[in-house]
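A short worksheet on the structure shown next.
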Amino acid sequence: MNLLYSNDKKGAFPPSWYAATAPARTPAAPLKGTARADVCVVGAGFTGLSAALHLAERGYSVALIEAHKAGFGASGRNGGQLGSGQRQEQTQLEKMVGPEDALKLWQLAEEAKDLVKHLIKKHKIDCDLKPGIAHAGFSASERAHEHAYVAHLQTRYGYDQIEALSPEELHAICPSPRYQGGSLDMGAAHLHPLNFAIGLARACEAAGVTFYENTHVQAIKEGPKAEVRCDTGRVLADHVILAANGYLGGLNRRVAGRVMPINNFIIATEPLGEDAARVLTRDIAVADSKFVVNYFRLSADNRLLFGGGESYGYRFPDIDKTVRKPMADIFPHLKNVRFDHAWGGTLAITMKRLPYLARVGQNILSASGYSGHGVGTATHAGKLMAEAIAGQSAGFDTMARIPNTPFPGGPALRTPLLTLAMTWYALRDRLGV
């Protein structure tokens, strides 16, 4: 079984609210025969699109290969949250990599947010970019932790766009009875991710990137001229960038041992009308403190876009049932609301819940494992790989120094072991410990 085709129709976006509201773009023709390029990029999500765009702008010839069409994967179906920092808190990074590299990682994460905002402005991408993400906790202890972390960001990193929220202040923004305070980060943002991906694809085309869509990469032969073998032809290139994230499959064993695909799910309700004010009173996004995070926001037409629930394997479960349960826990008054759209997607995680950037071959770079923090990080990773190919590798090298240990048992055992671990964390979420 292949995750590229397990739950989706070839060359088609999933039945998401994003796909229903995205502008049309005609996919490029599949690869035929042999092509040549300075750089071959595998995967046309945020990582690959950004890498291809930045390389083309530097004058490189770029072949961009996508098994379906640009924005098909997690990039076109995620929660649309452009968060601050890395996936792990800075206090944890300070222990993991030391204060100096933790500061560099914070600065790189700030660059990632700025890059997304810059690309949207430069290329006039209409993707409903709005400021603000609240982080919500379920208890007094979680509130205390969040408030201490806010103070740490303000004092240690000089970050002044975040504020602590009391239970009353959070309820004024998000009236859910389940939340007991948290924080509001106005330096973070949210957007329509598929529109952003399509906008990047159009920018790539304008910059001269050669697209090959509906083209499945089956193997990569290393060498001074790497050979990227596809179902319909091959590309010979001086450099290869692996940017397929959860859909990489077995193309590289080193990545497969450290990066694991998992599935996550989102629904879009019917338009809520006046009831939308019982969900959010401001146009921000929310993510909470569950290990399997609940995340949500309102759409431009006042639907609740709610993400929650995970699965580990090839086939998606009943998405309505999977997402309705956590949604009804947060918003009991919506337990019977109609879902107009329900979709899933495959992202990728690592053991440390931090991205895995590495040189995995003589002339092969890889970036993946964004662990639910990919809108900014993936876009930035593409730029960092483009810079590394151009000989400016400081940012890439900092990210590559993050310790990313393999999953126990490698690709063969990572799924059953992770399923066992996630069952434990799900139990902790339910018990509130």
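Results, tabulated for the structure shown:
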{"read-out": "All positions within region 1-35 that are within 20 Å of the chain's Cα centre (by Cα) and free of Cβ contacts under 8 Å to residues at least 24 places away in the same chain", "value": "Tyr5"}
{"read-out": "Contacts under 9 angstrom Cβ, first residue in region 319-335 being within 22 Å of Asn7 (Cα to Cα), partner surrounded by fewer than 15 Cβ atoms within 10 Å (Cβ to Cβ) and of a type in the set (Lys, Arg), 6 or more apart", "value": "Arg324/Lys335"}
{"read-out": "Members of region 81-109 found to be more than 21 Å from Ala148 (Cβ to Cβ) and acidic (Asp, Glu), listed by number", "value": "Glu100, Asp101"}
{"read-out": "Candidate set: region 264-307, residues that are hydroxyl-bearing (Ser, Thr, Tyr) and either in contact with a helix residue (DSSP H, G or I) (Cβ under 9 Å, 6 or more places away or on another chain) or over 18 Å from Gln180 (Cα atoms) (or both); chosen: the one surrounded by the most Cβ atoms within 10 Å (Cβ to Cβ)", "value": "Thr269"}
{"read-out": "Selection from region 142-177 of residues that are more than 25 Å from the chain's Cα centre (by Cα), outside any helix (DSSP H, G or I) and surrounded by 13 or more Cβ atoms within 10 Å (Cβ to Cβ)", "value": "Ala164, Leu165, Ser166, Pro175, Ser176"}
{"read-out": "Test for Ala219: is it out of contact with any Gly (no Cβ under 7 Å at 6 or more places or on another chain), more than 30 Å from Glu110 (Cα to Cα) and not assigned by TED's automatic domain parsing to the domain that holds Ser299", "value": "yes"}
{"read-out": "Qualifying position, being part of a helix (DSSP H, G or I), out of contact with any Pro (no Cβ under 9 Å at 6 or more places or on another chain) and in the same structural domain as Cys204 (by TED's automatic domain parsing), among Ala44, Ala52, Ala24", "value": "Ala52"}
{"read-out": "Of the criteria (1) surrounded by fewer than 21 Cβ atoms within 10 Å (Cβ to Cβ); (2) more than 30 Å from Ala386 (Cβ to Cβ); (3) among the β-branched types (Val, Ile, Thr), which one Thr232 fails", "value": "(2)"}
{"read-out": "Some residue of region 157-176 being among the aromatic types (Phe, Trp, Tyr), assigned by TED's automatic domain parsing to the domain that holds Ile284 and within 25 Å of Lys117 (Cα to Cα)", "value": "yes"}
{"read-out": "Out of Ser75, Ser84, Ser50, sole residue that is under 16 Å from the mean Cα position of the chain (by Cα) and either surrounded by fewer than 19 Cβ atoms within 10 Å (Cβ to Cβ) or over 21 Å from Ala243 (Cα atoms) (or both)", "value": "Ser84"}
{"read-out": "Filter result (in contact with a helix residue (DSSP H, G or I) (Cβ under 8 Å, 6 or more places away or on another chain) and either modelled with pLDDT of 95 or more or closer than 21 Å to Pro15 by Cα (or both)) within region 246-263", "value": "Gly246, Tyr247, Pro261, Ile262"}
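The values are calculated or read from the model by the stated rules, or taken from the named source; none is laboratory data. The model shown is predicted, which means the values in this text are computed figures rather than measured ones. Cβ: placed from backbone, ideal geometry, glycine included. Neighbour counts: every protein chain shown.
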